[in-house]
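Enquirer: Could you have a look at this structure, given as structure tokens, before my questions?
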Amino acid sequence: MRVPSRSPGQRPGPSIPTSAPTRRAPAGPSRRLASVEPDLDAYRAAVADLLVEVGALASAASAAARQVLVDQRLREPAIAAVLDATPQGLVGARETLLLEMARYQPDERRPVSDLTALVRIYLLSRIDVMWWRDAPAYRTDEQVGGSADLVDLEWLRRRDLLRFRYQEQPTTLLGRGARALRRRVRPSVAPHTSGLLFRRARREMVALLNDVGREFTAHAPPGAPPLWVTSLVRSAEHQHRLRQLGYAAWLPSGHCLGWAADVEMAWFDRFGARDTLAELLLARQRAGEVNVVDEGQAWHLCLAPESRGRLRRVYEAEMAV
């Protein structure tokens, strides 16, 4: 069974070639040597094992045993090495997760479908935070709108320079009503997603998503729509709003640093293309280009720092900058 970060709940997919680069050691004196970097394969395997144990203790009566289990497992070397390299450190990350688990209330309407999903998303997203621990976050919506490091996706789309699709969040009640009607009448036109609040992205992320989009189009079954992006850069204040709505939106986050994106997965089931997309994303994770987290309807991608320079050059070449 092929799963992002070896977590349970995913489906096997066909083996397809990938254009992702092979893993390279990060360059520069400010980066830690590859020999002392945490072992991400071991981390993902340890998280996968923990998820199985958490699932076996999912009942409310097992809450105390579940807390003890997680507290013990997070101290194991394979997991502790990654958590200790995040800004919160091992203690802060462990306390955050235990508190989130204690507060969790099952609700099928919530984006985080169950407790196992909460643990999976939190722990695997810590890889993003470890990678970009020294990067500044976009704190406000205004900072996102005014950043020179971000480009306007609509400007690129109108010039046919994007190989993926997205939609913006409607800003009026009429707009939200029209979108809801379209979902009911024509469900194959677009996935059930609220859309982007900010139609902006880092140049490197545009290059990554364009590359994934081209590869997906080349391997997807006939009639499948292009890659669909459901989330990109966010501000910390928007992250707080999402958290209030029940989303797995923690701080720090790769989205608030501009280095993460979410891509639709569940919608591609109707076109027989979900497994194809899953396999090519996992191939890029194996190559060390991205971190992949199964969030259910969408999968989360975070760019690895060592891929930043290459993708910036790709963007500049594609856009003739």
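The values are calculated or read from the model by the stated rules, or taken from the named source; none is laboratory data. Only a predicted model underlies this, so the values are computations on that prediction, with no experimental measurement involved. No Cβ is skipped: glycine too gets one built from the backbone with ideal geometry, and neighbour counts run over all protein chains shown.
Enquirer: Within the stretch 280-292, is even one residue over 23 Å from ARG203 (Cβ atoms), in contact with a Lys or Arg (Cβ under 9 Å, 6 or more places away or on another chain) and not in a loop (DSSP other than H, G, I, E, B)?
Expert: yes
Enquirer: Determine whether TRP250 is closer than 22 Å to ARG44 by Cα and surrounded by 22 or more Cβ atoms within 10 Å (Cβ to Cβ). Steps first, answer last, please.
Expert: Details: closer than 22 Å to ARG44 by Cα: yes; surrounded by 22 or more Cβ atoms within 10 Å (Cβ to Cβ): no.
So TRP250 fails the test.
Enquirer: Among (1) in contact with a Ser or Thr (Cβ under 8 Å, 6 or more places away or on another chain); (2) in a helix (DSSP H, G or I), there is one condition ASP269 misses while meeting the rest; what is its number?
Expert: (1)
Enquirer: Which condition does LEU277 not pass, out of (1) among the hydrophobic types (A, V, I, L, M, F, W, C); (2) more than 20 Å from GLU168 (Cβ to Cβ); (3) part of a helix (DSSP H, G or I); (4) modelled with pLDDT under 95, if it passes all the others?
Expert: For LEU277, the failing item is (4).
Enquirer: Could you check how many residues of the stretch 225-264 are farther than 21 Å from LEU153 by Cα and of a type outside the set (Gly, Ala, Ser)?
Expert: So the count comes out to 11.
Enquirer: Just the residues that are touching a helix residue (DSSP H, G or I) at 6+ places or on another chain (Cβ under 6 Å) and either farther than 14 Å from VAL47 by Cβ or among the hydrophobic types (A, V, I, L, M, F, W, C) (or both), please, taken from the stretch 70-85.
Expert: LEU74, ALA78, ILE79, ALA80, VAL82, LEU83, ASP84, ALA85 - these are the residues of the stretch 70-85 that are touching a helix residue (DSSP H, G or I) at 6+ places or on another chain (Cβ under 6 Å) and either farther than 14 Å from VAL47 by Cβ or among the hydrophobic types (A, V, I, L, M, F, W, C) (or both).
Enquirer: Taking VAL91 as the residue in question, decide whether it is in contact (Cβ under 8 Å) with a residue 24 or more places away in the chain and not aromatic (Phe, Trp, Tyr). Give the steps one after another, and end with the answer.
Expert: Details: in contact (Cβ under 8 Å) with a residue 24 or more places away in the chain: no; not aromatic (Phe, Trp, Tyr): yes.
It is false that VAL91 is in contact (Cβ under 8 Å) with a residue 24 or more places away in the chain and not aromatic (Phe, Trp, Tyr).
Enquirer: Is it the case that the stretch 223-241 has a residue that's assigned to a strand (DSSP E or B) and of a type in the set (Ser, Thr, Tyr)?
Expert: The answer is yes; a qualifying residue exists.
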